[in-house]
Amino acid sequence: MRIRGKSAAEIFDSVRAQVQSQQLLPGQGLPPVRELAAQLDVNRNTVAAAYKRLVAAGIATAQGRRGTTIRGQGPGEQEGALPDSPLVDLASGNPDPAWLPDLAAALHARPYRPRLYGEPLINAGLEAHARAWFAQDCPAPFEVDLAHGAVDAIERLLGALLVPGDKVAVENPCFLSSINLLRVAGLQAVGVPVDAEGMQAPALEAALAKGVRAVILTPRAHNPTGCNLSARRARALSRVLAKHPHVAVILDDHFALLATAAYHSVLPAGTRRWALVRSLTKALGPDIRMALVASDEATSRQLRLRLASGTNWVSHLLQDMAETTLGSPDAIRLMSRARKDYAVRRKRLEDALGKRGIACLEGGDGLNLWVPLATDDQAVAQALARRGWLVRHGQPFGVHEAVPGLRITVSGIEPAQCRRIASDLRHCLG
């Protein structure tokens, strides 16, 4: 590596050119600021400014004492099934199709009325449903908006509230799509450990002391661990956040329609910028691409600029289908059965693992269960694959480094499979 330049712009261009020509590869460290400044005979602030611009552009990642490294430019690992795999797929993160309502029935139940530019962005009936749903969990006053799923909502919120290079606190291990969107947006993820009660309050306080500008937090069914915020933990987090009223708080309650756990708010009274995101995709199907967003008025105004009529509004046809389905007694009963079924499948797997002496994060929610490991989780996942199982190991979920563990999707697992995978995992662990 030979970095050239006398100005921040020239140093930036030199590094970018070497990344584009693959002379600098993902994970490769850049020289310390002091060292490069001496080498180029420039002020340290000049090198620091160049590095900051590289981070903001998504070319490099600032890792504190570990220095600045070249960032991987690939799309990152994604959720979803591998349709051609011969393995039993317990890695997809998908809901069970048997519990998804028939959205086509909504088209027959409600005739479609064409909408034109300039009409309200959200159906009146759907907004009324959302307001009633959010009212018990949100500080008043609040506004309601729509986005194309939870990930889209979070991406737009971050784009409205932050600038590239800002630090964002996230759970560690973290949801795959959150890691990917932060990388693409040029934001710096700061990992905060989680346990069975959710994000750890002292670790969040330490992250906020590093200059974090926003916090993304999952109150229920955290992906990948499945953990839920306890009431005690929510109060502790609220006390921490109360000391930082300027920090934006984004709550990703993606499993709200199917959650068995109660919702516990972490929003302190003085929070200025906040948003509560509730996706419809786990209950109505990933293809519905819709999430409801409650937020303070200022955040809502900025979000609406990114969802304006004529550019990115959520299709009113989809809104009609969602509104009709959410009000359907048949669909409500189906969601109730799905909620119970997912909980039963999770408990069966927890029990099967427990009988083999394998610890997991118990009592969680959602479609996934987490098995923490103290060994090479990738080797364990590969050993399970040789026995016919496809699971996710912890590396893709780590914010900066791997969190050893396995994520097992429970949404379609059968009782016999619970016993078999527990036995096979015990064998793989020795």
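For the chain, the antiparallel share of DSSP beta bridges with both residues in that region comes to about 55%. In the complete set of protein chains, residue-level accessible area for S178 is approximately 10 Å², probe 1.4 angstrom.
Taking all protein chains as shown and a probe of 1.4 angstrom, I216 keeps an accessible surface of around 10 Å². With all protein chains kept in place, the per residue accessible area of the stretch 105-145 amounts to 63 square angstrom at a probe of 1.4 angstrom. Each label point was placed 7 Å from the Cα along the Cα-to-Cβ direction; for L305 and S336 their separation is 4.5 nm.
Element breakdown for the stretch 113-230 at a 1.4 angstrom probe: carbon and sulfur atoms account for 57% of the accessible area.
Most tightly packed first, judged by the mean number of other beta-carbon atoms within 10 Å of their residues, the peptides 345-352, 143-150 read 143-150, 345-352.
With contacts taken as Cα pairs under 8 Å at a separation of at least 6 residues, the chain carries a relative contact order of 18 percent. Using C-alpha pairs under 8 Å with a sequence gap of at least 6, the mean separation divided by the residue count of the stretch 40-170 gives a relative contact order of 19 percent. In the full protein context, the stretch 357-430 carries 41 Å² of accessible surface per residue, based on a 1.4 Å probe and ignoring ligands, DNA and RNA.
Magnitude of the charge dipole for the chain, about its Cα centre and with charges confined to Cβ atoms of Lys, Arg (+1) and Asp, Glu (-1), is about 860 debye. By a 1.4 Å probe calculation restricted to protein chains, M1 has an accessible surface near 110 Å², given to the nearest 10.
The protection proxy used here, the mean number of other Cβ atoms lying within 10 Å of each residue, ranks peptides 389-397, 258-266 as follows, highest first: 389-397, 258-266. Packing order of peptides 53-63, 400-410, highest average first: 400-410, 53-63 (average count of other Cβ atoms within 10 Å over each peptide's residues). Lys/Arg Cβ at +1, Asp/Glu Cβ at -1, dipole of the stretch 1-146 taken about the Cα centre: which of G80, Q28, I11 is farthest positive-ward? Farthest towards the positive pole: I11.
The values are calculated or read from the model by the stated rules, or taken from the named source; none is laboratory data. If you're wondering where the values come from, they're calculated on a predicted model, not measured in any experiment. A quick note on method: Cβ atoms are made from the backbone with ideal geometry, for glycine too, and the neighbour counts reach across all protein chains shown. Accessible surface is based on the protein model in full, side chains and every heavy atom, while ligands, DNA and RNA are left aside. Shrake-Rupley method; radii C 1.70, N 1.55, O 1.52, S 1.80 Å.
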